[in-house]
Amino acid sequence: MSDIKICPTCGAKAKYKVKDDKETFSAVQDEDAFKKVGQLKKAMQKFKEKAEALEKELEELKSKT
């Protein structure tokens, strides 16, 4: 998932990606897009936390048997 950073060239908010050790900035035009990116990041974090908790619980159950 891309990060949102300030473009060093134009000073606007942009999607920041690193590919093959090369930094790229892509302009984001819409404020709603920023909100959606934030929502998706939060949702992914919640999913990751739930998955980690389930993995831990599974390991505990495996160790009991």
Gain in span if fully extended, Lys36 to Tyr16, counting 0.36 nm per residue against the direct Cα distance:
5.6 nm
Helix 31-64: inclination vs the chain longest Cα principal axis, degrees, rounded to 10, gives 20
In square nanometres and to one decimal, what's the mean projected area of the convex hull around the Cα atoms of the chain?
6.2
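All of the numbers you see were taken from the coordinates with simple rules; none came from a lab. Since this is a predicted model, take the numbers as computed values, not measurements.
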